[in-house]
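Chemist: Sharing a structure, written as structure tokens. Questions coming.
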2 protein chains.
Amino acid sequence: MKNKVNIGLIGAGTVGCGVYEVIRRNRKLIREQTGASLSITRIADIAPSRKRPVKIPRSLFTTDFREITGDPEIDIVIELIGGTTVAAEVALAAVRNGKHVVTANKALLAHRGKEIFSAAAKNGVHVGFEASVAGGIPLIRSLKEGLCANKILSVQGIMNGTSNYILHRMSAEGMPFAAALADAKKEGYAEADPSFDINGTDSAHKLLILIALAWGGLFKISEIAVEGISPVTPADISHAGQFGYAIKPLASAKVSGGVVEAGVYPALVGAGSQLAAVDGAFNAVRIEGDAVGPVMFYGMGAGMMPTASAVVSDVVMIARGGGGVAKIAADGGGVKPAPRGSVSSGFYARFEAEDTPGTLGKISTALGKRGISIRSVIQKPGASSKKVPVVIMTRPSPESAMKKAVAEIERHITKTSAVVLRIAED
Amino acid sequence: MKNKVNIGLIGAGTVGCGVYEVIRRNRKLIREQTGASLSITRIADIAPSRKRPVKIPRSLFTTDFREITGDPEIDIVIELIGGTTVAAEVALAAVRNGKHVVTANKALLAHRGKEIFSAAAKNGVHVGFEASVAGGIPLIRSLKEGLCANKILSVQGIMNGTSNYILHRMSAEGMPFAAALADAKKEGYAEADPSFDINGTDSAHKLLILIALAWGGLFKISEIAVEGISPVTPADISHAGQFGYAIKPLASAKVSGGVVEAGVYPALVGAGSQLAAVDGAFNAVRIEGDAVGPVMFYGMGAGMMPTASAVVSDVVMIARGGGGVAKIAADGGGVKPAPRGSVSSGFYARFEAEDTPGTLGKISTALGKRGISIRSVIQKPGASSKKVPVVIMTRPSPESAMKKAVAEIERHITKTSAVVLRIAED
């Protein structure tokens, strides 16, 4: 394709404005260094006159995305409207009109990726999605090109800055979840509706994309374990600290014999580990390859300019004629998700129990009956109430056994809900 | 270029064997995932029958590299012999015969990069060098492709695993330098002749390559500050620790107004920082871009399989027809190195002084005369000898002023050599 490209931008929200600004600011540098000459010729947004962080000429705007997807002068369409319905219409219309597409939309790819990539293959165009996982970090390109000589063994990381920021504040200041969330909203680290960030859906979309890239299969979100961070309390963070752990929002996947164990959940990670050191709104992803060993990537996982950096890198690579190797395949890649509940890990469990003799014994017995052995215990006298926390760290055990044992303990022994978290492998 | 490529491997040492093994083991996976079909058809090495960690058919070997660089059937030449003389002959002969070249040789690129890239441009072939900096970490591709939308502001990291391993052992176990070095050799983390690793030359070569990629100018090694780690003692590590710092082997470059401040030296980094957490033989490089902010890359910076992972990634990208954007330009890129001595930083200085009243006062006066102000001091009573350490942390000051002040203190006040280290910016 020619090095001079006309770009249609669909969605001029935060990231869209960042893309406009990066191209405005670094157009000359990009042309000199890569040969790609970038020009945004049209912008579609439902609210052209909304107040924006950067100045964009009103004349570029339209409210109808079809004016972009149908414009024969436009080479590359950048889709930044989010969601999975209109965004899918936009991407498919662009691809069918022979336009390359660049998107930061992880939900779109997780839900409609096969369809979009199959249409792109049919129409001979590229779909760039570097910005869809870990924001500005060049993770997708690294996984599919830099590490292309490797069998990928595992992918693990912190892929949601909002959750990480909230757990970080809770940990640093002993804030309860609700206060930390309110704070994250005030500081601009959480959106007005942060449900997808907090309940693990956003991380799960990203993990599904990484699994598809690493092993070929685009799983459904219902096929992997997805748990949010809201059950975590400052007390859990403090107990975990006493055992030498921090609590982090993890997304994790590993393969063995064609079976992928994957999940998103708040987990205990060693306090001295690199993931424990990832604070605030940062992301970090660790990939293990059979030749390269562990490689870790760290940076801003969201935000106007970091995300725009990734979007524009895709535009440049497409303008230079190479769309990259990263694709979501229509077939299953020969891997399948591990059956739910079959995955083993160590568990942290906090039970709130009556401060009476024998409670710990009963809890241990209930766990032991399911074959779950205890690694360590903290039991301390309660403060004001008669309930005291009994905190248990188990050795690796199947999730299903742990779930059954906890349900039994909740029903028959403590009569209260327990908090159960996974302990991440090193 | 066709997806099926014939590869000639020149140099079957540790990394060469790794390349052979990666291709043997993952050939099918690589073909399925990228379309590139790789075949090593000839290997040149001066010692074909040497004992090797992997089994290679004797029939592949020749002792004459010209049988590879002159073979019309070979598409890509992998140069892994090291050094800058025969390696340059190999690279130039291959390029002039229309063959793409992949190399892990940082010294070669730092010294002869302009010549090799200019010959490659003339002959329309690619030169891949992902493995030349930070081993298996896909750093060069990330810098030039993933971050191509950014003005690069700074590059800083730990780029030599041997130095990092030695300082790590000195720090963890209070070992002196010589013992840690002996240990590194025994463990395979240092070569028989480790001078280039220890005196900073290896890191400097890598930094020169990154500067050339970030800002266009391939400087000479004499144009940047290069200091080795051998002056560092366990006492310095312990003093630095008391001030809240670790000592790490840093390579660092930043640009301002077309002037690049660059250097390689052991430096004090904040004990809680991510660079401080990089232990053993690992590398980590932090790149700051104007859009993406700080991004960090971490992994094995050397070794048979990690380095091979990077070499093979270049081979695959060339086989797919894209050699990548990374190039060392023949022109200066419009940047120049900062004059030596002009760079400011905070300094750590340990003077061994007679335990007499007024010594600290004299040292402070000598520093003050040169405009260097003191941030903190540790002075403790000496143990057996009459000399006591006076350890000073200064505020940022020009290197030249610090050097003059220290020379004066050494000559007229302490009559012994001081240890002076830089304090890294956050």
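Chemist: Work out which residues of region B:307-321 lose at minimum 30 square angstrom of accessible surface when the other protein chains are put back, relative to the chain isolated, with a 1.4 angstrom probe, and list them by number.
Modeler: B:Ser309, B:Ser313, B:Met317, B:Arg320
Chemist: Another question about this same structure. Which parts of region B:102-151, residue by residue, lose 50 Å² or more of accessible area when the rest of the protein chains are there, as against the chain isolated (1.4 Å probe)?
Modeler: B:Pro138, B:Glu145, B:Gly146, B:Cys148, B:Ala149, B:Lys151
Chemist: Further question on the same structure: With each run of n ≥ 4 DSSP H residues scored as -39500 (n - 2.57), what mean residue ellipticity at 222 nm is computed for the protein assembly as shown after dividing by its residue count and rounding to the nearest 500 deg cm²/dmol?
Modeler: -10500 deg cm²/dmol
Chemist: With springs connecting C-alpha atoms under 10 Å apart, model chain B as a Gaussian network and identify which of B:Lys386, B:Lys28, B:Lys403 has the largest mean-square fluctuation.
Modeler: Result for chain B, Cα springs under 10 Å: B:Lys386 fluctuates most.
Chemist: Which one of A:Ala424, A:Val95, A:Ile43 is farthest out on the positive end of the charge dipole of the protein assembly as shown, using unit charges on Cβ (Lys, Arg +1; Asp, Glu -1) and the Cα centre as origin?
Modeler: Positive-most Cα among the choices belongs to A:Val95.
Chemist: Sorted by accessible area with a 1.4 angstrom probe, largest first, how do A:Met175, B:Met393 fall?
Modeler: Details: A:Met175 35, B:Met393 0 Å².
Ranking A:Met175, B:Met393 by accessible area, largest first, yields A:Met175, B:Met393.
Chemist: Additional query: State the three equivalent ellipsoid semi-axes of chain A, derived from the C-alpha gyration tensor as the square roots of 5 times its eigenvalues, in descending order and whole Å.
Modeler: Numbers: eigenvalues 390, 105, 61 Å².
Square roots of five times the eigenvalues give 44, 23, 17 Å.
Chemist: Next question, about the same structure. Based on Cβ point charges of +1 for Lys and Arg and -1 for Asp and Glu, what charge dipole magnitude is obtained for the protein assembly as shown about its Cα centre, in debye rounded to the nearest 20?
Modeler: Approximately 360 debye in magnitude.
Chemist: Measuring with a 1.4 Å probe in the full set of protein chains, what accessible area per residue, in whole Å², belongs to region A:84-134?
Modeler: In whole numbers, region A:84-134 has 33 Å² accessible per residue.
Chemist: Given the Cα atoms of the protein assembly as shown, and with Rh set as the inverse mean 1/r over their pairs in the Kirkwood sense, what is Rg to Rh to two decimals?
Modeler: On the way: Rg = 28.5 Å, Rh = 28.9 Å.
Dividing the radius of gyration by the Kirkwood radius yields 0.99.
Chemist: Tally Lys/Arg at +1 and Asp/Glu at -1 over every other residue whose Cβ is under 13 Å from the Cβ of B:Asp197; what's the total?
Modeler: 0
Chemist: Which positions within region A:273-298 get 40 Å² or more of their accessible surface covered by the other protein chains, compared to the chain by itself, with a 1.4 angstrom probe?
Modeler: So the qualifying set is A:Gln274, A:Asp290, A:Ala291, A:Val292, A:Pro294, A:Met296, A:Tyr298.
Chemist: Sum up the charges of everything whose Cβ sits under 12 Å from the Cβ of A:Glu21, counting Lys and Arg as +1 and Asp and Glu as -1, but leave A:Glu21 out. Spell out each step's value before the answer.
Modeler: Working: positive: A:Arg24, A:Arg25, A:Arg27, A:Arg52, A:Lys55; negative: B:Asp290.
Once positives and negatives cancel, what remains is +4.
Chemist: Give the B-A buried accessible area in Å², both sides summed, 1.4 Å probe, nearest 100.
Modeler: The contact between A and B buries close to 3600 Å².
Chemist: Once the whole set of protein chains is in place, how much accessible area is left on A:Thr14, using a 1.4 Å probe, in Å² to the nearest 10?
Modeler: 90 Å²
Chemist: When the accessible area of the protein assembly as shown is split by element with a 1.4 Å probe, what percent falls to carbon and sulfur?
Modeler: Ligands and nucleic acids excluded, carbon and sulfur reach 53 percent.
Chemist: Let me ask you something else. Using the heavy atoms of the protein chains and a 1.4 angstrom probe, tell me the accessible area per residue for region A:208-339 in square angstrom.
Modeler: Roughly 29 Å² per residue, with all protein chains present.
Chemist: Continuing with this model, one more query. Accessible surface of B:Trp215 in the full protein assembly, 1.4 angstrom probe, to the nearest 10 Å²?
Modeler: Roll a 1.4 Å probe over it and B:Trp215 shows about 20 Å².
Chemist: Sticking with this structure for a sec: For region A:84-153, which semi-axes, largest first and in whole Å, follow from the square roots of 5 times the eigenvalues of its Cα gyration tensor?
Modeler: That gives 23, 14, 11 Å for the three semi-axes.
Chemist: Along its principal axes, what span do the Cα atoms of region A:170-310 show, with the longest given first and each in whole Å?
Modeler: Result for region A:170-310: principal-axis Cα extents of 42, 37, 29 Å.
Chemist: What Kirkwood hydrodynamic radius do you get for region B:321-409 when you take the inverse of the mean 1/r over all pairs of distinct Cα atoms, in Å?
Modeler: Working: mean 1/r = 0.0634 Å⁻¹.
Hydrodynamic radius (Kirkwood, Cα pairs) of region B:321-409 is 15.8 Å.
The values are calculated or read from the model by the stated rules, or taken from the named source; none is laboratory data. Note that the structure is predicted; figures quoted are calculated from it, not measured. As a convention, Cβ positions derive from the backbone with ideal geometry for all residues, glycine included, and neighbour counts pool all protein chains shown. Areas reflect the complete protein model, heavy atoms only, side chains present, ligands, DNA and RNA absent. Shrake-Rupley method; radii C 1.70, N 1.55, O 1.52, S 1.80 Å.
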